[in-house]
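Participant: What follows is a single structure, and I will ask about it in a moment.
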Amino acid sequence: MTAKTLMIQGTGSGVGKSLLTAAFCRYFYQAGYKVAPFKAQNMALNSFVTERGEEMGRAQAYQAEACGLKPEVAMNPILLKPSGDNNSQVILMGKSNGTRNAKNYYAQYQKHQQIVLSALEEMKNKFDLIIIEGAGSPAEINLKKTDLVNMFIAEKADAPVLLVGDIDRGGVFAWLKGTYDLLNKNEQNRIMGFIINKFRGDVELLQPGIEQFEDMVGKPVLGVVPYFKDMVIDEEDSIPQRFYSAEKNVQGILDIAVIELPRISNFTDLSPLAHDPSISLRYVRHPAQMGSPDLIIIPGSKNTVDDMVFLNQQCLTREILKCHQTGSMILGICGGFQMLGKKINDPKNLESLENKVEGLGLFDFETTLGAEKLTRQIQLETVKSRVFPEGIQCEGYEIHMGQTAFGTPYPTLFSASNGDNPMSFGIINETGTVLGTYLHGFFDKDLFRENVLRYIRSEKGLPEPQTSFDYEQFRTRELDRLADLIKTSIDMETIERKL
């Protein structure tokens, strides 16, 4: 039997489609459905690598988690990773298909259409219910001829559509009505109803506006979802618009400064730190914001060369090195790891017009960017070092295009097999103050993360917190909160009945 479908579209980007899609996934999972997410085309720098080594959007991986599933690339057959103002790396069914500008990408519309329809059919044959997420707005009339992700996919999936508007931005009724009016008659007929998201205040005061709006369009508002500033999801393509502060009554607060690179990617690596109540995590974009952190993290980047140029131009390179000399520890992840070396070379200008750029020089290695992209999940064990005892399990994934050549051997953090150089997985300098790794997602496992934090606290003379932070339990609790959120604010009975 072919799956039923429900689609979440929005009046624009950032209105909460990803969060609500995850919430619907969790709700139906709890109700006993064999449910899965789907997004035909995603544009994001936050990505995930499946067990088969295929790259997909991190938001869909999170939605799969809400469904109790392992992520698979058919959930997000096309991923666009912006690498400049008008260029994106194109990921088709998990594999890189080169970098294109918008015009060249749209020229491949027929090919991309077949890819997303094939993936949709695969999903419909495996599950009872598919929760489909749109992108941007279905009313982008200049893009309708090349639509892959909104009303095109709604029609092909025969999916009723819930249209979401963000009241926190203001003008939600105009935004919903304007979007609805720009749809053609068949598309309007596909709209099941509307959801007003991020509402603050007394919903009774909103009711007169809801009634007038329903009279205008002849369709119901099926829910008013309250604004929850502390709701936790894996952000799709933008850093959370807030700083994270530890609870004031927690002893041993660890001050972590994350360098906010212009092309930062995979910053969900930091989520386990961001939500740990014993850690204060903040983003830094200017030297004056740095202070004297216990740990500086240089995260991943979609364009490592240009982001390194940015660090140099903003005098952040000098500030990072100054902080290191005065006691701050440093961790580089993927692109941030490459920046810890002496040079990053881009001889074929794959990322930048610059052929090379000087790195921080904290490790004796150079990285040369190449066209081949390495994407794989990996499981490792720690070796005995200043940071770890032997044998702690580490899980993560790699997404990078660079090959790193080491001029000096360094103590490694992990064992390696199959001929891999263990220094590529993780190293530490002679003084134990600089660490680097190509792995993403390695902080997700509690035991591994606790050992890293224990080492840093020990080096900084900070006491251990009285209670440990269980990140896996935290994520499960937040997913259940998402389901509770729509149970109490959306007319799920009507939606289920219409499905």
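Participant: Any residue that is part of a loop (DSSP other than H, G, I, E, B), under 26 Å from the mean Cα position of the chain (by Cα) and either among the charged types (D, E, K, R) or not assigned by TED's automatic domain parsing to the domain that holds GLU459 (or both) - is there at least one of those in segment 362-370?
Facilitator: No, there is no match, as no residue in segment 362-370 is part of a loop (DSSP other than H, G, I, E, B), under 26 Å from the mean Cα position of the chain (by Cα) and either among the charged types (D, E, K, R) or not assigned by TED's automatic domain parsing to the domain that holds GLU459 (or both).
Participant: Which fully enclosed strands (runs of 3 or more DSSP E) of segment 30-97 have 1 or more residues being modelled with pLDDT under 95?
Facilitator: 41-43, 47-49, 55-57, 78-82, 87-92
Participant: Here is a follow-up. Here is a list of conditions, (1) assigned to a strand (DSSP E or B); (2) under 21 Å from the mean Cα position of the chain (by Cα); (3) among the acidic types (Asp, Glu), and ASP307 meets all of them except one; can you say which number that is?
Facilitator: Failing condition for ASP307: (1).
Participant: Considering only residues of segment 89-115 that are touching a residue at least 24 places away in the same chain (Cβ under 8 Å) and touching a helix residue (DSSP H, G or I) at 6+ places or on another chain (Cβ under 7 Å), which is farthest from ALA40 (Cα to Cα)?
Facilitator: The extreme case among them is TYR106.
Participant: Give the residues of segment 387-429 that are aromatic (Phe, Trp, Tyr) and over 25 Å from ARG58 (Cβ atoms), sorted by residue number.
Facilitator: If the condition is that a residue be aromatic (Phe, Trp, Tyr) and over 25 Å from ARG58 (Cβ atoms), then PHE388, PHE406, TYR410 are the ones that fit.
Participant: Hey, among GLY436, GLY432, which residue is over 30 Å from PRO220 (Cα atoms) and in contact with a helix residue (DSSP H, G or I) (Cβ under 6 Å, 6 or more places away or on another chain)?
Facilitator: GLY436
Participant: Further question: Starting from residues that are touching a Pro at 6+ places or on another chain (Cβ under 9 Å) and outside any loop (DSSP other than H, G, I, E, B), keep the ones in segment 131-147 and report whichever is farthest from ASN184 (Cα to Cα).
Facilitator: Once the filter is applied, the top-ranked residue is ILE131.
Participant: With the condition kept exactly as written, say whether any residue in segment 319-329 is closer than 24 Å to SER88 by Cα, of a type outside the set (Ser, Thr, Tyr) and in contact (Cβ under 8 Å) with a residue 24 or more places away in the chain.
Facilitator: For segment 319-329, residues closer than 24 Å to SER88 by Cα, of a type outside the set (Ser, Thr, Tyr) and in contact (Cβ under 8 Å) with a residue 24 or more places away in the chain: absent.
Participant: Sticking with this one: Could you count how many residues in segment 118-130 are more than 12 Å from LYS39 (Cα to Cα) and outside any helix (DSSP H, G or I)?
Facilitator: Of the residues in segment 118-130, 5 are more than 12 Å from LYS39 (Cα to Cα) and outside any helix (DSSP H, G or I).
Participant: Next question. Taking the condition of being assigned to a loop (DSSP other than H, G, I, E, B) and over 20 Å from LEU19 (Cα atoms), how many residues in segment 148-180 meet it?
Facilitator: Within segment 148-180, the subset assigned to a loop (DSSP other than H, G, I, E, B) is 148-150, 158-160, 170-171.
Those still in the list that are over 20 Å from LEU19 (Cα atoms) too: 148, 158, 171.
Number of matching residues: 3.
Participant: Restricting segment 12-44 to residues that are over 15 Å from the mean Cα position of the chain (by Cα) and charged (D, E, K, R), which is nearest to ALA159 (Cα to Cα)?
Facilitator: LYS34
Participant: Can you name every residue in segment 278-295 that is under 11 Å from VAL258 (Cβ atoms), touching a residue at least 40 places away in the same chain (Cβ under 8 Å) and in contact with a Ser or Thr (Cβ under 8 Å, 6 or more places away or on another chain)?
Facilitator: LEU295
Condition check ((1) over 25 Å from ASP346 (Cβ atoms); (2) at pLDDT 95 or above; (3) surrounded by 22 or more Cβ atoms within 10 Å (Cβ to Cβ); (4) not aromatic (Phe, Trp, Tyr)) across all residues:
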{"site": "GLN393", "(1), (2), (3), (4)": "yes, no, no, yes"}
{"site": "LEU413", "(1), (2), (3), (4)": "yes, no, yes, yes"}
{"site": "ASN421", "(1), (2), (3), (4)": "no, no, no, yes"}
{"site": "VAL434", "(1), (2), (3), (4)": "no, yes, no, yes"}
{"site": "ASP444", "(1), (2), (3), (4)": "yes, no, no, yes"}
{"site": "LEU447", "(1), (2), (3), (4)": "yes, no, no, yes"}
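The values are calculated or read from the model by the stated rules, or taken from the named source; none is laboratory data. Because the structure is a prediction, the values reported are computed rather than measured. Here the Cβ is made from the backbone with ideal geometry for all residues, glycine too, and neighbour counts use every protein chain on show.
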